[in-house]
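To keep things clear, I will list the structure first and then write my remarks on it.
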Amino acid sequence: MSEEINSRAPVPVSAASVSSELAILAGSGNPRFAARIAESLQVALTPCQAQVFSEGNVFVRVLENVRGRDCFVIQGVHRPVNDNFVELLFWIDALKRASAAQVTAVIPYFGYAKGDKKDEPRVSIRARVCADAIEKAGADRVLTMDLHSPQIQGFFSVPVDHLYARKVICDHVQKLQIPDLVVCSPDVGFAKSASAYANLLGVPVVIGNKQRKDHSETAEVLEVIGDVRGRNVLMVDDFTITGGSLVSMASVLKSCGARDVYAAVSHGVLSKGAVQKIENSEIHRLFMTDTIEPGVEPFGDRISTISVAPLFASAIQSIHCRTSVSMLFPDERAV
């Protein structure tokens, strides 16, 4: 049975500091996460309805007056990805047509962020297409967390507030007081972010070398650059889908003499079979945030969820009150 860890909010949000013009709506992709955000803000969720008809059409309706209000619709783009994305567009359109003063698309996990470049002939830059659609639907700004590539913010013309989960994750890891810890990046591409984790924890960093030959969602780990012998290791990444890369890296780390191998990801996508794969692996413990609702497979004892809802609540408060979102990360340099 997994445990859920409530993270400490960076700044407690009081009801007095939030205007009555604020409206928080829960899309069908993140109902529990939205409820946690509303609880942190000490406001009630704005009543709304999402329905899928028998032929697959999606219908959304706001059940309360939002004219002139500052609206935040919380809807992640995760499984079912296309349904959740289209629903997000319809929520934005419904709020704009209801004369909302401002509509912020709160996207805890933006699945199409992986399609951020044209690295093969005749392929779509999916993240750019989605960004254009979100803007065209009428979003005034976007709030999201740990995009696969931070430069995706440049695909939008509207402001994008980009949150980082690593401070919340590192706070939890520090409480565990794991001795002789070293941070491991699964590949060179995530090395800069892994260094940010290492800086927050005050520990060294090593880098894995892996290659991905096709779109089969499997990667081959070739080597580890750095010394892990006799050390406990924390692997970090922005997301895991099949768990394959983390499991392979954990196996390589153990063969290099590592003691316990931990893993932490911002988004636990976890496709079918991933939970069992992690349970049967060398991974001692996997930490992930609650940006994605639990899937059909129950988590085992090795998986723990850390809530970032208080962080999103503080960001929403900052946007609503026109204060700096970057002040939520005073100890970090943006990467």
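The values are calculated or read from the model by the stated rules, or taken from the named source; none is laboratory data. Remember, predicted model here, so these are calculated numbers, not experimental data. Glycine also receives a Cβ, built like all others from the backbone with ideal geometry; neighbour counts cover every protein chain displayed.
Odds and ends about this structure:
- Members of the range 263-293 found to be crowded, with 24+ Cβ neighbours inside 10 Å and of a type in the set (S, T, N, Q), listed by number: Ser266, Thr289, Thr291
- Looking only at the range 116-136, and only at residues there that are aliphatic (A, V, I, L, M) and buried (at least 18 other Cβ atoms within 10 Å of the Cβ), the one that is nearest to Met288 (Cα to Cα): Ala127
- Taking the listed residues Ala139, Ala113, Ala100, the one that is buried (at least 22 other Cβ atoms within 10 Å of the Cβ) and either assigned by TED's automatic domain parsing to the domain that holds Asp290 or at pLDDT below 95 (or both) is Ala113, with no other qualifying.
- Where strands (runs of 3 or more DSSP E) sit wholly within the range 235-317, those with at least 2 residues that are at pLDDT 95 or above, within 25 Å of Pro150 (Cβ to Cβ) and in contact with a Leu (Cβ under 9 Å, 6 or more places away or on another chain) occupy 261-268, 283-289.
- Considering only residues in the range 142-184 that are out of contact with any strand residue (DSSP E or B) (no Cβ under 8 Å at 6 or more places or on another chain) and within 23 Å of Met288 (Cβ to Cβ), the one that is surrounded by the most Cβ atoms within 10 Å (Cβ to Cβ) turns out to be Cys170.
Here's the yes/no breakdown for (1) in contact with a Lys or Arg (Cβ under 6 Å, 6 or more places away or on another chain); (2) of a type in the set (Asp, Glu):
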{"residue": "Leu95", "(1), (2)": "no, no"}
{"residue": "Thr104", "(1), (2)": "yes, no"}
{"residue": "Glu120", "(1), (2)": "no, yes"}
{"residue": "Ala139", "(1), (2)": "no, no"}
{"residue": "Phe156", "(1), (2)": "no, no"}
{"residue": "His162", "(1), (2)": "no, no"}
{"residue": "Ala165", "(1), (2)": "no, no"}
